[in-house]
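The structure under discussion appears below in the form of structure tokens.
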Amino acid sequence: MNIGKQLYTAMEQNEFELFYQPQVDLTQNKVIGLEALLRWNSPELGVVSPLKFIKVAEDSHLIIPLGAWVVRTACAYLKGLHDQGFEHLMMSVNISMLQLLQTDFNEMIMNTLNDCGLEPQYLELEITESVLVESYDHVIVKLNELREQDIKIALDDFGTGYSSLSYLTHLPISTLKIDKSFIDSISTGTNQAALVEQIIMIGKRMNMCVIAEGVEQSVQLTYLQEQGCDRIQGYLYSRPQSALATEQLLTQWE
Ligand code: G
Ligand code: G
Ligand code: MN
Ligand code: NA
């Protein structure tokens, strides 16, 4: 069986699972949000990374129902956490371009929030620059509509694309996520590290929240704190973990 067919079966058999990685606010030193990261527990292949199957799911358009399942599962989980007293927590969900291009995408998001009883301000959608390059006009209308509803929009893997910086002024971006490759350069001391400072400055000037991704070392943390980065996400605090393990971690951190 090819992987495309296997993915359809996987959906029917409930083989997908969401892991969650904490996002830590540096001024409050506490977990402020979670990023939902998809996992496939395949009986034949073991745990499969989304790097191996997202592209296939996009090609077959399975990403539409699968992506909707991700949003629903993440929102339901967050609502449960709010009810347990973690009412300040946010949820970030990765959205692929194909999803965003569906005419009913915004409706799907609003319906899901409504069904879960979750306020829109707690949901953040992560998009990448490639979304903007490929279908700018379409996407900007949709993003503006979502922003008007108080949903947050994060630009993921920031700095790795080839698009012009000027789009930042035209898009309703609430959050910049500095790509891990830049964070790596902090400890290796290459001149790329200067870009981290610049990205943080641009983000702050534009009233965006700046998150550093893939923070693994305390020397990186110290540097990011000095530069005024708002939040960090990375193995230094926690790897992505199951829903259950995430709940335990949140309880310990309290
Ligand atoms: O945690 P990790 O190795 O699993 O994620 C690998 C890549 O897969 C990352 O680029 C991440 O953005 C992407 N990814 C993880 N979960 C999802 C998801 O639910 N939807 C989409 N479109 N991408 C995801
Ligand atoms: O592309 P996106 O930013 O959505 O995906 C984040 C990816 O980075 C996921 O694959 C996640 O598991 C991974 N990740 C998160 N923190 C770290 C880290 O500290 N080190 C490494 N190597 N990967 C990380
Ligand atoms: Mn992401
Ligand atoms: Na990223």
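The values are calculated or read from the model by the stated rules, or taken from the named source; none is laboratory data. Because the structure is predicted, anything quoted here is derived from the model rather than measured. All Cβ positions, even for glycine, are placed from backbone atoms using ideal geometry, and neighbour counts span all protein chains on display.
State whether one or more residues within segment 9-18 are of a type outside the set (A, V, I, L, M, F, W, C), part of a strand (DSSP E or B), more than 15 Å from the chain's Cα centre (by Cα) and more than 30 Å from C229 (Cα to Cα). For segment 9-18, residues of a type outside the set (A, V, I, L, M, F, W, C), part of a strand (DSSP E or B), more than 15 Å from the chain's Cα centre (by Cα) and more than 30 Å from C229 (Cα to Cα): present.
Pairs are defined by a Cβ separation below 6 Å, a sequence spacing of at least 6 or placement on different chains, a first member in segment 73-89 that is of a type in the set (A, V, I, L, M, F, W, C), and a second member that is part of a helix (DSSP H, G or I); the pairs so defined are C75/T112; C75/C116; A76/C116; F86/L250; L89/L81.
Restricted to segment 29-38, and to residues that are surrounded by fewer than 20 Cβ atoms within 10 Å (Cβ to Cβ) and in contact (Cβ under 8 Å) with a residue 24 or more places away in the chain, which residue is nearest to the chain's Cα centre (by Cα)?
I32
Number of residues in segment 19-67 that are closer than 30 Å to E226 by Cα and out of contact with any Pro (no Cβ under 8 Å at 6 or more places or on another chain): the value is 11.
Can you find a residue in segment 63-84 that is closer than 28 Å to G234 by Cβ, at pLDDT below 95 and within 15 Å of ligand 1 (Cβ to nearest atom)? For segment 63-84, residues closer than 28 Å to G234 by Cβ, at pLDDT below 95 and within 15 Å of ligand 1 (Cβ to nearest atom): absent.
Just so you know, in segment 145-174 the residues that are without any contact (Cβ under 8 Å) to a residue 60 or more places away in the chain and in contact with a Ser or Thr (Cβ under 8 Å, 6 or more places away or on another chain) include one that is nearest to ligand 2 (Cβ to nearest atom), and it is D157.
The condition of being buried (at least 18 other Cβ atoms within 10 Å of the Cβ), within 19 Å of D25 (Cα to Cα) and either more than 20 Å from the chain's Cα centre (by Cα) or hydroxyl-bearing (S, T, Y) (or both) holds for only one of T222, T175, that being T175. Just the residues that are of a type in the set (V, I, T) and surrounded by fewer than 21 Cβ atoms within 10 Å (Cβ to Cβ), please, taken from segment 225-254. Within segment 225-254, just T251 meets the criteria. Cβ-Cβ distances below 6 Å connect the following pairs, each with a first residue in segment 223-245 that is away from ligand 3 (no atom under 16 Å from the Cβ), a second residue that is of a type in the set (D, E, K, R) and assigned to a loop (DSSP other than H, G, I, E, B), and a separation of six or more residues or different chains: L236/E216. You will find that of S187, S135, the residue that is away from ligand 1 (no atom under 16 Å from the Cβ), small (G, A, S) and surrounded by fewer than 20 Cβ atoms within 10 Å (Cβ to Cβ) is S187 and no other.
Being farther than 19 Å from E124 by Cβ and within 16 Å of ligand 1 (Cβ to nearest atom) is the filter here, so list the residues in segment 162-184 that pass it.
Of everything in segment 162-184, those that are farther than 19 Å from E124 by Cβ and within 16 Å of ligand 1 (Cβ to nearest atom) turn out to be S181, F182, I183, D184.
Screening segment 141-254 for helices (runs of 4 or more DSSP H) wholly inside it with 1 or more residues that are more than 30 Å from V47 (Cα to Cα) and more than 16 Å from ligand 4 (Cβ to nearest atom) returns the ranges 167-170, 180-188, 193-205, 218-226.
Considering R39, R72, the condition of being in contact with a Cys (Cβ under 8 Å, 6 or more places away or on another chain) and among the charged types (D, E, K, R) is satisfied by R72 alone.
Residues are listed down the side, and each one gets a yes or a no for (1) among the β-branched types (V, I, T); (2) touching a helix residue (DSSP H, G or I) at 6+ places or on another chain (Cβ under 7 Å); (3) away from ligand 2 (no atom under 16 Å from the Cβ):
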position	(1), (2), (3)
P43	no, no, yes
S60	no, yes, yes
G67	no, yes, no
D83	no, no, yes
E126	no, no, no
